[in-house]
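Each remark here refers to the structure printed beneath this line.
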Amino acid sequence: MTFDPDELGRSKQDLAESIRALRKRAGLSGERLARLCNMSQSKISKIETGKIAPGLTDIECILRALDAPPETVSEITALARLASTEWQDKRSSWRRGVVKRQAELAALEAGATRLRFFLPAMITGLLATPEYVRASLTYTPGDTSAAMARKLERQAVLYDESKSFTFILTEQAVKWAAVPAPAMSVQIDRLASLSHLANVNIGVIPYGTVLPRGPMNTFTVYDERLATAESFTGRMVFQDSRDVRQYLDLFALFEQHAVFGQQARSCLEEWSSMYRSDP
């Protein structure tokens, strides 16, 4: 499925208008459609005005009630998928402020109980030392001191035992020298230390591990309801259950090929030692 950022912005209103037009064409009132779908009339109204984006189950129920033809079902389902996807470009994020972005991430983390992170290139802020965090903000415009403080504050969520975290890092992500060698050694040691937390699983994929899928980008899955994928220019936020499921399946594949526990710590110790011996 191809995503055009401008198309994403239009899709919610297009979906709302399409559903409203279908209902009117079927000669049903909003109240009658709500009864057929076992929904409240208020929810149908909000879907038709674009105030909420319906889930896949809602869409299927509405289309069955309206006896929509197959081609219409295909079109509306595609619109619903787009309406559940959001593009957040980097420049807009910077304009809103990096501190606000940290607050948004903290809210996502607070609302989830099972968090999965796939990190193919660098270490995420939740696992980073202060020096690594500072380096990761080098190309962020403006005063980054508040953003750095907020990033470090977010790390407290790792100690919330009502949540479970799984981080999978490639060897490249662990070894990527964002800071000088001595600081890299400290950073890698921190990964090993955090792996002892009962609710934190840190896995690594060493070089040479045979994998049928390439590590194309960083992604995070929050429970089974939302996934984010990052690129240099921004991030996609997926809420359609089919998209989230694809990321869950991909994470499970990488998880099968990662090593955890003492095996992972042995790798981390070796890589940390490499940086300690770096002249």
On the basis of being in contact with a Phe, Trp or Tyr (Cβ under 7 Å, 6 or more places away or on another chain) and not basic (Lys, Arg), does THR57 make the cut?
no
Log entry, pairs with first residue in the stretch 224-242 being closer than 22 Å to THR113 by Cβ, second being of a type in the set (Asp, Glu) and surrounded by 15 or more Cβ atoms within 10 Å (Cβ to Cβ), beta carbons closer than 7 Å, six or more apart or on different chains, reads ALA227/ASP243; VAL237/GLU86
I'd like the residue in the stretch 184-202 that is part of a helix (DSSP H, G or I) and polar (S, T, N, Q) and, out of all such residues, is nearest to ALA156 (Cα to Cα).
SER193
Qualifying residues in the stretch 26-49 (those that are surrounded by fewer than 16 Cβ atoms within 10 Å (Cβ to Cβ) and touching an Asp or Glu at 6+ places or on another chain (Cβ under 9 Å)) - the one nearest to ALA65 (Cα to Cα)
ALA26
Here the residues within the stretch 154-173 that are without any contact (Cβ under 8 Å) to a residue 40 or more places away in the chain, out of contact with any helix residue (DSSP H, G or I) (no Cβ under 6 Å at 6 or more places or on another chain) and part of a helix (DSSP H, G or I) are ALA156, TYR159
State all residues of the stretch 261-279 that are outside any helix (DSSP H, G or I) and acidic (Asp, Glu); if no residue qualifies, say none.
ASP278
Out of the residues in the stretch 135-152 that are part of a helix (DSSP H, G or I) and in contact (Cβ under 8 Å) with a residue 40 or more places away in the chain, which is surrounded by the most Cβ atoms within 10 Å (Cβ to Cβ)?
LYS151
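Every residue, every condition in (1) in a helix (DSSP H, G or I); (2) modelled with pLDDT under 95, yes or no:
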position	(1), (2)
ARG91	yes, yes
TRP94	yes, yes
LYS100	yes, yes
ALA103	yes, yes
ALA107	yes, yes
ALA110	yes, yes
LEU115	no, no
ILE123	no, no
VAL133	yes, no
Test ARG242 against the criterion of being more than 10 Å from the chain's Cα centre (by Cα), more than 19 Å from VAL174 (Cα to Cα) and assigned to a loop (DSSP other than H, G, I, E, B), and give yes or no.
no
Run GLU86 past the list (1) acidic (Asp, Glu); (2) surrounded by 14 or more Cβ atoms within 10 Å (Cβ to Cβ); (3) in a helix (DSSP H, G or I) and report the number of the one that doesn't hold.
(3)
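The values are calculated or read from the model by the stated rules, or taken from the named source; none is laboratory data. What you see is a predicted model; the values in this text were computed from it and never measured. Because the Cβ atoms are built from the backbone with ideal geometry, glycine has one as well, and the counts that use them run over all protein chains shown.
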